[in-house]
Amino acid sequence: MAIRVYNTTHNQKEDFIPLVEGRVGMYCCGPTTYNYIHLGNARPLVVFDTIRRYLLWRGFEVTYVQNFTDIDDKIIKRGVQENLSAAQIAAKYIAAYFEDAQALRVLPADVHPKVTEHIEDIVVMIQEIIDNGHAYVVDGDVYFDVTSFPQYGKLSGRALEDMQAGARVEVGDVKRNPWDFALWKAAKPNEPAWESPWGMGRPGWHIECSAMSCKYLGKEFDIHGGGADLIFPHHENEIAQSQAANSGGFARYWLHNGFITVNDEKMSKSLGNFFLLRDILEKFSGDIVRFYLLSTHYRSPIDFSDDKLLMAQKSLERIRNSYYLLQESEKRAVEAPAALTETIAIAKAAFVEAMDDDFNTALAVAAVFDFCHELNAYLQDNVQPSTTDIKDAKQLFADFDSVLGMILPQEQSNSGLAEDLLQLILEIRTMARGKKDWATSDFIRDGLKNVGIVLEDTPQGVRWKKA
RNA sequence: GGCGCCAUAGCCAAGUGGUAAGGUAGAGGACUGCAAAUCCUUCAUUCCCCAGUUCAAAUCUGGGUGGCGCCUCCA
């Protein structure tokens, strides 16, 4: 069965057939690095990371490219505010980006190209667009001529005439048409600038993605992703530029994630209702944020609130508890006929079916829950589970985790001293319990809870975990 | 003004023709010194409203109501 993906180009689900069998080229619009990323920026990161992980898990050879827009008006402005150069601002927030991405367990892309390191490629592409009669030069600026490109508006489902009917028209402009957009901007005084055939200047926003995707993935490639707010004009412009320069080609499948909302309003920089990811990470771990983001289909809107993250936390704990029980049962496992083989096969099939259907992570997570429930019941009913079952179940969790990226807790190194002290405390508590000294026992349990260690007494002894 | 999306339990959320997944919260029970975790049972005669198509609709069609988004930097 083929993977089905919803392609914005045709507004429908289609069979995913890569250009080259077994290989996928994937480009995703990355952040403009003038601030820490907010939760709205985090969604495409996690969504497309998950899609990439799934394609890898399904056996495709994936080349994943995500750019950094490291030169732009907002970066320059921020530099003035922070008294740093544009390059310093970009470097600062790119470093911060990688910290945030790591917290979300987003794997680094194969290539993270930066605009400032690809000026040559961009200039060459702009020249091609001019040579092919799709752009014009005005006083050191270069503009794309949308009227030269009949397909303009196809991705976003709008016609040039419709847009002009009701839209506010930019005034006092040198552009021939209000929808023409800058490929190259002439330098203003005291701004970073690069040499070009049209004078000193810098690239427009859209051209970078066309130039860099072409460089690393070729003129035609498989998947292009990004937030739904990039459909127009950014992605529309990318298509126009790339096809104008290369006489066709470009991305075959356009995937767009829905928005994060706050009180049902879009979280956005202009509305000022955004939450920086690092502020959220003060209260909830990256795994929880990731789980929250994947518990809704990627094209649907998700509303943000602490309550929703709290629910995500509880849900993820249920899965993790099941995994703890599995790990614990290893000690008492024996060689015995496997009983879970079919359960595991069903869970895996349900997971694959869900992910194959336009990466339905919400349904895939449900498959994980169903499996946890079956596994818990099995481990409860069997004092001596089968080693084969244990091994296969662990592998299934590993599979789930390699795709969803937050099922299993990350290996955390406890400092030796703290670990030793905790063991000592637990021994003292066990002694107290032996004497039915419940006051001491509960005092220790409550005290540890206050520092984030949860104790659970089981027939096999006490078990602890971080809250 | 143009284009588009959404409406499922207290909350979150799958499900696009065959008789409502999953999570969370709640209720009862088992286990426990008490908890926690886990297990068992329970929790939408019904999917915003109205009409239609069909043997059959949350799912399709038409109309209505409500909410949101894009058209401008935005993921």
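Values computed for the structure shown
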| item | result |
| --- | --- |
| Karplus-derived HN-Hα couplings along the range A:340-357 (A = 6.51, B = -1.76, C = 1.60, θ = phi - 60°), whole Hz, x at Gly and Pro | 9, 3, 6, 4, 5, 5, 5, 4, 5, 5, 5, 4, 5, 4, 5, 6, 5, 8 |
| Gained length - A:Asp173 relative to A:Leu421, 0.36 nm times residue gap less alpha-carbon distance | 82.2 nm |
| ³J(HN,Hα) computed for each position of the range A:423-430 - Karplus, 6.51 cos²θ - 1.76 cosθ + 1.60, integer Hz, glycine/proline x | 4, 4, 4, 5, 5, 4, 5, 4 |
| A:Phe221 long-range amide H proximity, modeled H, under 5 Å | A:Phe250, A:Ala251, A:Arg252 |
| Computed lengthening from A:Asn190 to A:Ser85, 0.36 nm per intervening residue step minus Cα-Cα distance | 36.7 nm |
| Span from the the range A:133-161 Cα centroid across to the the range A:1-72 one, whole angstrom | 26 Å |
| Student exercise, chain A dipole from Lys, Arg, Asp, Glu Cβ charges, in Debye to nearest 20 | 940 debye |
| Å² of accessible area per residue within the range A:392-467, as computed with a 1.4 Å probe and no ligands counted | 62 Å² |
| Estimated FRET transfer efficiency when R0 is 22 angstrom, pair A:Glu411-A:Ala366 (beta carbons, to 0.05) | 0.25 |
| Computed label-point distance, nm, for sites A:Glu353 and A:Gln380 using a 7 Å Cα→Cβ extension | 2.6 nm |
| In the range A:338-411, the chymotrypsin sites (Phe, Trp or Tyr not before Pro) that fall in loop regions by DSSP, at most 10 other Cβ within 10 Å | none |
| Label-point separation, A:Glu61 to A:Glu342 (7 Å along Cα→Cβ), nm | 4.0 nm |
| The range A:4-257: translational diffusion in µm²/s, Stokes-Einstein, Kirkwood Rh over Cα pairs, 10 °C, 1.306 mPa s | 84 µm²/s |
| Average accessible area per residue (Å²) across the range A:4-257 - probe 1.4 Å, nucleic acids and ligands excluded | 42 Å² |
| Share of carbon and sulfur in the accessible heavy-atom surface of the range A:1-118 [1.4 Å probe, %] | 50 percent |
| Positive dipole terminus of chain A, leading residue within A:Phe16, A:Asn35, A:Leu340 (C-beta point charges) | A:Leu340 |
| Nonlocal amide H pairs with A:Thr261, under 5 Å, H built at 1.01 Å | A:Met267, A:Ile302, A:Asp303, A:Phe304 |
| Where GluC sites (Glu not before Pro) fall in DSSP loop in the range A:333-423, at most 16 other Cβ within 10 Å | A:Glu335, A:Glu411 |
| Cα lying deepest toward the dipole's positive end in chain A, options A:Ile223, A:Leu104, A:Thr387, charges on Cβ | A:Thr387 |
| Apportionment of accessible area to carbon and sulfur, the range A:216-358, percent (1.4 Å) | 51 percent |
| The range A:221-369: C-alpha gyration tensor shape, a/c 1.5 cut-off, then a/b vs b/c | oblate |
| Residue-wise HN-Hα coupling along the range A:135-148, computed from phi with Karplus coefficients 6.51, -1.76, 1.60 (Hz; x: Gly, Pro) | 8, 9, 10, 9, 6, x, 8, 10, 10, 7, 9, 5, 5, 7 |
| Estimated distance in nm for a label pair at A:Phe443 and A:Glu21, the labels positioned 7 Å out from Cα along Cα-to-Cβ | 7.2 nm |
| Cut-off under 5 Å, modelled amide H: who pairs with A:Val462 long-range | none |
| Structure-based [θ]222 nm, chain A - -39500 (n - 2.57) summed over DSSP H runs of at least 4, per residue, nearest 500 | -15000 deg cm²/dmol |
| Within chain A, percent of DSSP bridges classed antiparallel, to nearest 5 | 50 percent |
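The values are calculated or read from the model by the stated rules, or taken from the named source; none is laboratory data. Predicted model only: the values in this text are computed from it and were never measured. Methodologically, a virtual Cβ is constructed for each residue, glycine included, from the backbone with ideal geometry; neighbour enumeration extends over all protein chains shown. The accessibility values were calculated without ligands, DNA or RNA, using every heavy atom of the protein model including side chains. Shrake-Rupley method; radii C 1.70, N 1.55, O 1.52, S 1.80 Å.
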